[in-house]
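Take a look at the structure below.
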Amino acid sequence: MNEYTRFNQGLFLDKMSSNPVFSGTMKKIPFKTLRHAMTVPAVRLVIFAAAVSPRFISRLNAVVAGWILSILPLPSNRVVRKHQRTIMADNGIYVSVAQIYTSVLIGFLDFFYLSYRNDKCFGKMVKVKGSANMEEALSHGKGIIAVTAHFSAWELLPRAMKILGFDIGVVSRSMSQKGIERVLDNLRQKPGIKTIHRKAGAAPIMRLLRDNRTMGMLIDQDTKGVQSEFADFLGCPARTPVAPALFAKKLMAPVVTMHISRQKNSTYLLEIDEPLFFDSEDATADILNTLNSRISQWILDAPEQWVWFHKRWRSRPD
């Protein structure tokens with residue numbers, strides 16, 4: 001039995017008898033509960049379709065879905081249009097709502113597609129530039145704090161690092177939909193990636209770094225409940241998680257910024273920057289400004305590949 005057959009058989013066998021959608025009580029179930037119950041099967045169906053379909057079909061579906069989402073009265077569309085009037089306009093960025101949705105969808109569909117392909121196929125689609133920078137950073141024996149952003153197909157980045165031979169873990173956030181969280185975590189862990197949830201605290205991250213391994217962190221969102229400070233982001237103050245700066249100062253671990261971007265031929269390029277070294281005397285704000293500056297440049301180079309529908313600037317310094 002091949003991998004696709006096993007995946008297909010397990011797609012909808014999600015404890016149907018315990019699912020309220022199929023228990024014969026649909027008329028008594030509130031719409032929100034019904035919607036939540038249907039979400040996990042729907043996500044699994046999308047993953048299956050992306051895994052077995054040619055990539056050009058998935059890209060076409062992403063374009064159509066992106067256009068449809070862009071014309072719906074969604075709160076995320078209002079966020080993007082606000083950013084178009086303010087942040088984008090101030091930075092000379094011109095990108096449509098449909099382009100943003102399409103880019104994010106393509107990134108996820110390619111993640112689903114490659115999750116069921118071998119490393120050789122993955123290597124043909126994802127090229128790497130700057131792997132020597134990782135080797136230099138690891139030579140210091142203090143691990144690596146790998147900083148990236150929700151940019152392009154960011155979910156492909158950990159596996160690319162794993163294939164290069166670097167043992168990497170990633171910090172993941174909890175989702176309100178626990179079923180979807182489990183599905184995505186299973187895909188992330190499939191190549192041997194260790195996921196650490198934010199609620200686990202600092203201890204597992206410190207152990208990983210002290211074992212001279214790599215810890216990946218995304219710092220381009222204003223996340224509630226996460227210790228953050230204001231730092232410049234595309235010319236405007238934005239709450240930025242301080243964890244990379246604090247670990248770098250406490251453990252003297254090098255910080256390596258990296259990002260993956262989609263190319264014109266629909267392949268991906270992972271670019272690994274030269275390591276940054278900080279110590280206890282460096283100001284946290286200065287470290288965050290340096291990291292945000294690099295992320296901002298990625299966005300300026302390919303603005304449609306960033307998640308503009310997140311409320312990045314919802315908090316104010318005052």
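The values are calculated or read from the model by the stated rules, or taken from the named source; none is laboratory data. Remember, it's a predicted structure, so these values are computed and weren't measured experimentally. A quick note on method: Cβ atoms are made from the backbone with ideal geometry, for glycine too, and the neighbour counts reach across all protein chains shown.
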Worksheet item: If you take the residues of the range 108-124 that are in contact (Cβ under 8 Å) with a residue 24 or more places away in the chain and farther than 26 Å from His310 by Cβ, which of them is surrounded by the fewest Cβ atoms within 10 Å (Cβ to Cβ)?
Response: Lys124
Worksheet item: Taking the range 214-237, which residues are of a type in the set (Gly, Ala, Ser) and in a strand (DSSP E or B)?
Response: Gly216, Ser228, Ala231
Fill in: Scope the range 247-260; condition surrounded by fewer than 16 Cβ atoms within 10 Å (Cβ to Cβ) and either within 24 Å of Glu304 (Cβ to Cβ) or not hydrophobic (A, V, I, L, M, F, W, C) (or both); matching residues
Lys250
Worksheet item: Which of the residues that make up the range 159-218 are acidic (Asp, Glu), in contact with a strand residue (DSSP E or B) (Cβ under 9 Å, 6 or more places away or on another chain) and under 18 Å from His140 (Cα atoms)?
Response: Asp167
Worksheet entry | Condition check for Leu105: in contact (Cβ under 8 Å) with a residue 40 or more places away in the chain, touching a Gly at 6+ places or on another chain (Cβ under 7 Å) and farther than 29 Å from Val255 by Cβ | yes
Worksheet item: Before we move on, is Val183 within 25 Å of Asn292 (Cβ to Cβ), within 18 Å of the chain's Cα centre (by Cα) and either surrounded by fewer than 16 Cβ atoms within 10 Å (Cβ to Cβ) or at pLDDT below 90 (or both)?
Response: no
Worksheet item: Residue check: is Lys224 farther than 18 Å from His150 by Cα and modelled with pLDDT under 95?
Response: no
Worksheet, complete the sentence: The one condition Asp110 fails out of (1) charged (D, E, K, R); (2) more than 19 Å from the chain's Cα centre (by Cα); (3) in a helix (DSSP H, G or I) is (2)
Worksheet, complete the sentence: Scanning the range 231-246 residue by residue, those buried (at least 17 other Cβ atoms within 10 Å of the Cβ) and over 13 Å from Leu276 (Cα atoms) turn out to be Ala231, Phe233, Leu234, Ala238, Arg239, Thr240, Pro241, Val242, Ala243
